[in-house]
Amino acid sequence: MLEANFEKKLWSFNLEGRFAAGNEIVVLWGPSGAGKTTVLHCLAGLNSPESGFIKLNGRVLYSSGERTDIPTRSRNMGYLFQDYALFPHMTVRQNVQYGVRCRKNNKEGFSFDPEKLLDSFGVGHLSGRYPRQLSGGEKQRVALARALAVRPQLLLLDEPFSALDKNTKIVLRKEIKRIHRDWQIPFVLVTHDEEDAMYLGDKIISLEKGTVREKSLLLMHTGS
């Protein structure tokens, strides 16, 4: 369970991050500059809000009142960046292993087979290649495998389809749905594409100049 109720001051408006999510896909939808990516950054600990709190499964990650701000590496989240942020000097297999090597807390009997995870994304045969040798869709699958390799409690996805052609986007939207069914953790996904929001969102949050407005699928479908 993700609970967020915070404010972040931006140059032209105050950003509100007020929503909750169970094991569902929450879509942050709105135009460029509305503050969607900043919400992800605050959830991940890459930016700190001015006030409020962020909780994940009852654990306080940020609280202005308690003066708590857990660092990114200790928040147990996966993050799929807009440009996928794969390390160009590492192979596919090394990219996926990276997050696990950096995870210091391995007290829960954590075991990891990168080949098996890559196979589940249909890119196991690419484990020895470098990012420059991959298509856009292949890069996305590798980046997703890397984000999930640490068994996160929350997955953040920033415009995951922006660099893909339409046919690849359709395939990978279905892949995101499948992954969510398999992993059963909250996903928070940023998009400015209404079709992506309609297809993926269990809950859709509209951001307009930093103000959060929860929208129903029906209202979006009718254009209201």
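Rounded if a/c is under 1.5, else prolate if a/b is larger than b/c, else oblate: which is region 152-213, with a ≥ b ≥ c the root eigenvalues of its Cα gyration tensor?
It comes out oblate by the Cα gyration axes.
Taking the protein heavy atoms of the chain in the context of the full set of protein chains, the accessible area attributed to carbon and sulfur is 48 percent at 1.4 Å.
Estimated purely from DSSP H runs of n ≥ 4, each contributing -39500 (n - 2.57), the mean residue ellipticity at 222 nm for the chain is -9500 deg cm²/dmol once divided by its residues.
Shape class for region 1-71: oblate, because the ratio a/c of the largest to smallest gyration tensor axis (alpha-carbon atoms, square roots of eigenvalues) is 1.5 or more and b/c is at least a/b. Note: relative contact order over the chain, using C-alpha pairs below 8 Å and six or more positions apart, is 31 percent.
In this structure the chain gives 50 Å² per residue of accessible area when probed at 1.4 Å with all protein chains present.
Estimated from the Cβ-Cβ distance and a Förster radius of 41 angstrom, the FRET efficiency linking Arg59 and Lys209 is about 0.85. Proximity of backbone amide H atoms, modeled 1.01 Å from N, is registered between Leu61 and Ile54, Lys55, Leu56 at under 5 Å, excluding neighbours fewer than 5 places apart on the same chain. Taking 0.36 nm per residue of separation and subtracting the Cα-Cα distance, full extension of the segment from Val171 to Glu195 would add 7.3 nm. Averaging Cα coordinates gives a centre for region 113-156 and one for region 162-211; these two points are 18 Å apart.
Hey, which of these cross-link pairs are over 22 Å Cα-Cα: Lys8/Lys36; Lys139/Lys166; Lys55/Lys203; Lys55/Lys139? Over 22 Å apart, Cα to Cα: Lys55/Lys139.
The values are calculated or read from the model by the stated rules, or taken from the named source; none is laboratory data. Just so you know, these numbers come straight off a predicted model, no measurement behind them. Because the Cβ atoms are built from the backbone with ideal geometry, glycine has one as well, and the counts that use them run over all protein chains shown. To get the accessible areas, we keep the full protein, side chains included, count just its heavy atoms, and leave off ligands, DNA and RNA. Shrake-Rupley method; radii C 1.70, N 1.55, O 1.52, S 1.80 Å.
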